[in-house]
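Here the structure comes first, spelled out in structure tokens, and everything after it is commentary.
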Amino acid sequence: MTSPSHQLEAWIEEERRVTKRLDAGPGPGVASLEEIEGKSGLEIMQAMIDGEIPYAAIAKTLDFTVLSVQAGVAVFQGTPMARHLNPLGTIHGGWVATLLDSALGCAVHTMLPAGRSYTTAELGVNYVKGVTPKVQRVRAEGRVIHCGRQLATAEARLVGPDGTLYAHATTTCLVFELKRA
């Protein structure tokens, strides 16, 4: 079994590798319709991780990174920092919710065919333990439960390198046809 310190080192190294690819690409921004046209959600997410299209600017703002995707799964990693603290001295619940929402939504995105998109319709978060900057990294893993033509549902867990559960969440996403402007 891997010790928490070795697990943290492995997480940080994986983050460095992905961040290097992301930063070598176009950086934060919004992909053009031409860049995503004809690509499935999984292909779009993989192109983002490969640094071929922009990644979401919110990730840079809130110090988190998409690490990996596969059909029905998206893994994000975040760095809890002092600038994310609430007045009580723990990481703000909005930061945790945003990290979980990103993993949930991107997991749904990986299941969509070309020409389809989604938006979060409902997000439910259960906070089970406060996160502080002493927790150097947390991971959110989103997994799709159901993906239909109009609705998709997913669940996610936010854990530390030692396996501690900090929060878990569910989402319902509206799925729709992506229309050209």
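Restricting attention to segment 126-156, the residues being outside any loop (DSSP other than H, G, I, E, B) and surrounded by fewer than 18 Cβ atoms within 10 Å (Cβ to Cβ) number 7. Taken over segment 122-155, residues that are small (G, A, S) and within 20 Å of L8 (Cα to Cα) amount to 3.
Screening A97 against (1) within 13 Å of F64 (Cα to Cα); (2) surrounded by fewer than 20 Cβ atoms within 10 Å (Cβ to Cβ); (3) without any contact (Cβ under 8 Å) to a residue 40 or more places away in the chain leaves a single unmet condition, (3). Do we have P113 as assigned to a loop (DSSP other than H, G, I, E, B), closer than 26 Å to G41 by Cβ and out of contact with any Phe, Trp or Tyr (no Cβ under 6 Å at 6 or more places or on another chain) here? Considered against the rule, which asks whether it is assigned to a loop (DSSP other than H, G, I, E, B), closer than 26 Å to G41 by Cβ and out of contact with any Phe, Trp or Tyr (no Cβ under 6 Å at 6 or more places or on another chain), P113 comes out as yes. Whether a residue is out of contact with any Pro (no Cβ under 8 Å at 6 or more places or on another chain) and at pLDDT 95 or above was assessed, and G29 does not pass this test.
For segment 32-65: of the residues being out of contact with any Lys or Arg (no Cβ under 9 Å at 6 or more places or on another chain) and among the small types (G, A, S), which is surrounded by the most Cβ atoms within 10 Å (Cβ to Cβ)? Filtering segment 32-65 for residues that are out of contact with any Lys or Arg (no Cβ under 9 Å at 6 or more places or on another chain) and among the small types (G, A, S), the one surrounded by the most Cβ atoms within 10 Å (Cβ to Cβ) comes out as A59. From the residues in segment 1-31 that are of a type in the set (A, V, I, L, M) and part of a helix (DSSP H, G or I), which one is surrounded by the fewest Cβ atoms within 10 Å (Cβ to Cβ)? Only one residue tops the list, namely A24.
All but one of (1) touching a Leu at 6+ places or on another chain (Cβ under 8 Å); (2) not in a helix (DSSP H, G or I) hold for D101; which doesn't? That leaves (2) as the condition not met.
With respect to S32, determine if the residue is polar (S, T, N, Q) and either in contact with a strand residue (DSSP E or B) (Cβ under 8 Å, 6 or more places away or on another chain) or without any contact (Cβ under 8 Å) to a residue 12 or more places away in the chain (or both). So S32 passes the test.
The values are calculated or read from the model by the stated rules, or taken from the named source; none is laboratory data. Keep in mind that this is a model prediction, so the values were computed, not measured. All Cβ positions, glycine included, derive from the backbone under ideal geometry; neighbour counts span all protein chains shown.
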